[in-house]
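Reviewing the structure listed below.
The values are calculated or read from the model by the stated rules, or taken from the named source; none is laboratory data. Small disclaimer: the values here were computed from a predicted structure and weren't measured. In this analysis, Cβ positions are derived from the backbone assuming ideal geometry, glycine residues included, and neighbour counts consider all displayed protein chains.
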Amino acid sequence: MDYVIIGNSAAGIGAIEGIRKVDQEGKITVISDEEYHTYSRPLISYYLAEQVSAEQMKYRGADFYQEYGVETRLGDRVVKVDQDDKLLALESGEEINFNKLLVATGGTPFIPPITGANKDNIYTFIKLDDSKAIAQEVEEGDIKEVVILGAGLIGLKAAEALVKLGVKVTVVELADRVLSAILDQDAAEIVQQNLEAKGIEFVLEDTIEEFSGTDRATAVKLKSGQQLKTDLAIIAVGVRPNTELVQDTEVELNRGVIVDDQLETNISGIYAAGDVSEGYDLVRGSAAVIPIWPNAYRQGLVAGQNMAGASESYNEGFVRNSIGFFGLPMITAGIINPEGDGYEVLSSKLLENNSYRKVVLQEGKIVGFIYLTDIDRAGILTGLIKEEQDVSQIKEELLADDFGYLSFSEEERRKLLWL
């Protein structure tokens, strides 16, 4: 059996380990346009801030590919997928046959149509090469001021890293708050104030219309008319599923590659996992792209097992993030800004220690939450979402400092803890 995986990040690694759970003999080939050993992409901001080395970023040990019997084509690119002949054409000219294929190509940065956005010192920030290039600019150039477009997770982690290097950072964001996809107004205010205290400046409800300069951007012009000087810029307004490889095939697409609960596409033998895929969202009860690291790995693991002949289902995906900025930790999950009827919202806020908790209920079940600072109990909430546990009888305790499994009846505890 010839297994081929396009992509060398979380989903691809999960697939390798999934395949080997079922098939210890089949040939596995991994193809990636990045030349690196698999690494943890969430760490690229820490690499930029000089807090981790490239070696420390490795997602698996140096002997991983050898241990799992994997052939690699790193630094090469798939240019065509022939679904009928089960053949991949590589940029190097090589052709590779497959019996089972996993598309794990991740996401690609969205670049808005901004005048001058192609200048030499304008970057995106999703790969190690991005981090390396920016680090080199900061080390070798006269980089004193940076403008970042986008106050999402990517933009703010880049901002945090640059501030730690002594660079002045201004973040421009079209929304009315930072991290608008994962925080509500109250939580965003706490986070923004924390970031501002560390020196990051914000321009909200505005966007960049033009990068000024010749080969390099020297200033940005905002829609409001305001102008900001810059020595380097980062565009971090979002990431889209990287579906380019299969757009000329019969693989069904929506926002991402559509997959069933076994991570298989509409074409037999072709699977997709990770940020490129569009599968079932447990919280919303519909198909969605869930671009988070744990989901990518779990999808890859299940896809790999099924590629090798198992029959495993994956129906536990939902958006959740665990992250922190300058020592302020946060965990968020699911629906945090509910719209429409049928939701109940519980919240508490303690400004003296930047603590904030919010839990969103629907039909007695937790469908989302935000925890800032005091995050110890957040993992329990994540488990309750996965189990679709009715918490209506104990909802008054959900925000308590001592909330835990002891809040449930003995019978419910046994079910939740598999006793």
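Quick look at the values:
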item	result
Strands (runs of 3 or more DSSP E) completely within the range 1-82 that count 3 or more residues being touching a residue at least 12 places away in the same chain (Cβ under 8 Å) and surrounded by fewer than 20 Cβ atoms within 10 Å (Cβ to Cβ)	70-74
Of all residues making up the range 363-390, the number that are buried (at least 18 other Cβ atoms within 10 Å of the Cβ) and part of a strand (DSSP E or B)	7
Residue count, the range 99-121 (criterion: over 18 Å from residue 242 (Cβ atoms), in the same structural domain as residue 8 (by TED's automatic domain parsing) and part of a strand (DSSP E or B))	1
Single residue of 96, 126 found to be part of a loop (DSSP other than H, G, I, E, B) and under 17 Å from residue 32 (Cβ atoms)	126
Residue identified as modelled with pLDDT of 95 or more, part of a helix (DSSP H, G or I) and outside the structural domain of residue 262 (by TED's automatic domain parsing) among 139, 160	160
For residue 312: the one exception among (1) in a loop (DSSP other than H, G, I, E, B); (2) crowded, with 22+ Cβ neighbours inside 10 Å; (3) of a type outside the set (Ser, Thr, Tyr)	(2)
Candidate set: the range 252-270, residues that are of a type in the set (Val, Ile, Thr) and assigned to a loop (DSSP other than H, G, I, E, B); chosen: the one nearest to the chain's Cα centre (by Cα)	259
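Rundown of residues vs (1) farther than 20 Å from residue 280 by Cα; (2) at pLDDT 90 or above, yes/no style:
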{"site": "327", "(1), (2)": "yes, yes"}
{"site": "340", "(1), (2)": "yes, no"}
{"site": "354", "(1), (2)": "yes, no"}
{"site": "362", "(1), (2)": "no, yes"}
{"site": "366", "(1), (2)": "no, yes"}
{"site": "371", "(1), (2)": "yes, yes"}
{"site": "374", "(1), (2)": "yes, no"}
{"site": "379", "(1), (2)": "yes, no"}
